[in-house]
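So the structure is just underneath, and the comments pick up after that.
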Amino acid sequence: MSAPKKTARATARPKTRSTKAKAVKPSAAKTDTKPEAVTEVAAPVTLDATSTNAALLARREAAVPRGVASAAPVFASHAENAELWDVEGNRYIDFAGGIAVLNTGHRHPRVIAAAKAQEDRYTHTSFQVVPYEPYVALAEKLNALAPGDAPKKTLLVTTGAEAVENAVKIARAHTGRPGVIAFNAGYHGRTLLTLGMTGKVNPYKKDVGPFPSDIFRAPFPDARAGITVADALQALETLFLTDAQPERVAAIIIEPVLGEGGYHPVPTEMFQALRAICDKHGILLISDEIQAGFARTGTWFAVEHSGVVPDLITCAKSMAGGYPIAGVIGRADVMDAMDPGGLGGTYGGNPVACAAALAAIEAIESEGLLARSSAIGESLRTRFADMGARVAPFRMWDIRGLGAMLAVEFVTDFDSATPDAGLTKRVIAHALKRGLILLACGMHGNAVRIMVPITASDAILDEGMAIFEAALADAMAEEMSLAAE
Ligand SMILES: Cc1ncc(COP(=O)(O)O)c(C=O)c1O
């Protein structure tokens, strides 16, 4: 697949990326500069009538419930760092990273080697039956990385939602209180407790209530929606007066940067105020770092930007470079609240995933990925601002985030600033046709979030941004031609 044209004008005709099988040998299209020697991609592209994207889509539709949505109508064949090939041999640059799981890229060599070495020893004993060292080593590492001087302990589980559920259990056991306060537009998972905390109905909460009691919600400070930090704090005080008796609240949970909710960072003064409110009422502060952690924002944990030390941190996703593992890190006295047997799960802290996580963390350290994340963030911000002004004047309303956790928001016009989910969808669809995987976010689905591996080379970032620009031009041209009809 040849690189897209570097320049595209708003009037350019939309180009469609051929979905026909190509003779692109996976190993023939590699990144120019890599963080270190990357293992060769071995997977062959074997095409027959049963393994096309269309054939697999038909099988998927028959076998998988429609509630499991996929953003791209293509099936993965293999992937390396920030590139992915589908079963028809089409190459894509991956700016979605499996929903922020691949800060160290697809198949980071260190992660793969560590997982393989662990697989050769044992893959499962259940930590609750026969414990193993990689669990302890990972807990030690996370305890050392988390902010704050107090001694810490870590529980390992398998998914982000499970980490959030356990953080709530631990907070309730420690405080002896039931209440949890979460924020509008926050996302904490799809299990029933975490859905209760998730602040977005469609599609997550639709038709599946009732949700557990004693969960309260407060407004997130969002300048875009006209909610200042003072407004948000006032609303919290009102909540204490009207619904949530502060002495009955165990925890306040907040994402340091709203993930699904649109990549809005928590203003520092808000985080500081939350810390003070929690201290005043004996409430625990939980920073949900599942999407924002592990170099995405230029620090290990996004809360570090504010200088605030939370009592508990939930983490998952990029912690293990593609392996399913999650954790709750917290003050040792809080983490020890539950009796033996109260925490855990058959697969929790799987040894292969622990080995992968230790390797992913080493990669972040040894390749300077925290600084690289900040540099990528700065560079992309400038380039999006320039692109928006040239290609889609008065349509790219906001470029926001922290470090390389960036989103661009589209509107119908700057005067009304009406969210434009239609343009956003078109950009994403055209980008996919041209070979770039993007994902939307935000309460109105009108932002595109960037979750590109931090290990992506400059050449791949340039190529991805050129495709983004061409896709934006395609989307604008398509919109104009539809309006002219
Ligand atoms: C901030 C946050 N919390 C919790 C979750 C739930 O994680 P999981 O999908 O692994 O259950 C997510 C997932 O996107 C998330 O972004």
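I need the chymotrypsin sites (Phe, Trp or Tyr not before Pro) found in the range 395-485, filtered to DSSP loop residues with at most 12 other beta carbons within 10 Å of theirs.
On the way: sites: TRP397, PHE410, PHE414, PHE468; in loops: PHE414.
For chymotrypsin sites (Phe, Trp or Tyr not before Pro) across the range 395-485 that sit outside H, G, I, E and B with at most 12 neighbouring Cβ atoms in 10 Å, the list reads PHE414.
Treating the angle as unsigned and between 0 and 90°, give the value, to the nearest 10°, between the Cα long axis of helix 351-366 and the longest Cα principal axis of the chain.
Helix 351-366 sits roughly 70 degrees off the main axis of the chain.
Cα axis of helix 133-145 to longest principal axis of the chain: angle in degrees, 0 to 90, nearest 10?
90 degrees
Could you tell me, in Å, what Rg and Dmax come out for the Cα atoms of the chain?
22.6, 68
With a 10 Å Cβ neighbour count serving as the proxy for reagent exposure, in which order, fewest first, do ILE253, ILE215 appear? Kindly include the intermediate steps, with their values, before the conclusion.
Details: ILE253 26, ILE215 20.
With the fewest neighbours first, ILE253, ILE215 line up as ILE215, ILE253.
Subtract the Cα-Cα distance of ASP336 and GLU362 from 0.36 nm times their separation in residues, and report this length gain in nm to one decimal.
Details: separation 26, 0.36 × 26 = 9.36 nm, distance 2.77 nm.
Residue separation times 0.36 nm, minus the Cα-Cα distance, leaves 6.6 nm.
Excluding GLY330 itself, calculate the net charge of residues whose Cβ lies under 10 Å from the Cβ of GLY330, where each Lys or Arg counts +1 and each Asp or Glu counts -1. Kindly include the intermediate steps, with their values, before the conclusion.
Details: positive: LYS152, LYS153, ARG331; negative: ASP311, ASP333, ASP336.
Around GLY330, the surrounding residues sum to 0.
Using a Förster radius of 35 Å, what is the FRET efficiency between THR412 and LEU241 based on their Cβ-Cβ separation? Nearest 0.05, please. Walk me through the numbers on the way to the answer.
On the way: r = 39 Å, r/R0 = 1.10.
Plugging the Cβ-Cβ distance into 1/(1 + (r/R0)^6) gives 0.35.
Under 15 Å from a point 7 Å along the Cα-to-Cβ line of SER51: which residues of the range 58-89 have their amide N that close?
Of the residues in the range 58-89, 75-79, 85-89 have backbone N under 15 Å from the label point off SER51.
What is the extension gain from ALA223 to LYS116, computed as 0.36 nm multiplied by their sequence separation minus the C-alpha to C-alpha distance, in nm to one decimal? Don't skip to the end; give the middle numbers.
Working: separation 107, 0.36 × 107 = 38.52 nm, distance 4.69 nm.
Full extension of this stretch gives 33.8 nm more.
How many angstrom lie between the C-alpha centres of the range 206-256 and the range 106-172?
Cα centroid of the range 206-256 versus Cα centroid of the range 106-172: 30 Å apart.
Fewest to most neighbouring Cβ within 10 Å: what's the order for THR52, THR104, THR297? Show your work: numbers first, answer last.
Values: THR52 19, THR104 32, THR297 28.
Lowest to highest Cβ neighbour count: THR52, THR297, THR104.
Taking Cα centroids, how far is the range 380-406 from the range 417-475 in Å?
For the range 380-406 versus the range 417-475, the Cα centre distance is 11 Å.
Determine the alpha carbon to alpha carbon distance for each of LYS205/LYS317; LYS169/LYS280; LYS141/LYS169; LYS153/LYS200 and list only those over 26 Å. Walk me through the numbers before you get to the answer.
Details: LYS205/LYS317 22 Å; LYS169/LYS280 21 Å; LYS141/LYS169 23 Å; LYS153/LYS200 32 Å.
Exceeds cut-off: LYS153/LYS200.
First select every other residue whose beta carbon is under 9 angstrom from the beta carbon of ILE399; then total the charges, Lys and Arg +1, Asp and Glu -1.
On the way: positive: ARG381, ARG400; negative: ASP398, GLU409.
Charge balance in the 9 Å sphere: 0.
Put a dot 7 Å past each Cα toward the Cβ at ASP386 and ALA62; how far apart are the dots in nm?
5.1 nm
Equivalent ellipsoid semi-axes for the range 180-308, as square roots of 5 times the alpha carbon gyration tensor eigenvalues: give them largest first, rounded to whole Å.
Details: eigenvalues 84, 73, 40 Å².
In descending order, the three semi-axes are 20, 19, 14 Å.
Of GLY349, THR297, THR418, which is farthest on the positive side of the dipole of the chain, counting Cα position, with +1 on Lys and Arg Cβ, -1 on Asp and Glu Cβ, and the Cα centre as origin?
With unit charges placed on the Cβ atoms, the residue in question is THR418.
Just want the answer: with Cβ charges of +1 for Lys and Arg and -1 for Asp and Glu, which residue in ALA326, SER213, ALA113 is farthest toward the dipole's positive end in the range 111-366?
Farthest along the dipole direction, towards plus: SER213.
Which value in nm describes the separation of the simple spin-label points at ALA276 and TYR204, placed 7 Å from the Cα toward the beta carbon?
2.9 nm
Neighbouring Cβ atoms within 10 Å as the yardstick, rank SER373, SER318 fewest first. Show your work: numbers first, answer last.
Numbers: SER373 23, SER318 31.
The order, fewest Cβ neighbours first, is SER373, SER318.
None of the figures in this text is laboratory data; all of them are computed from the coordinates on show. Note that the structure is predicted; figures quoted are calculated from it, not measured. Positions of Cβ are generated from backbone atoms using ideal geometry, with glycine treated the same way; all protein chains shown enter the neighbour counts.
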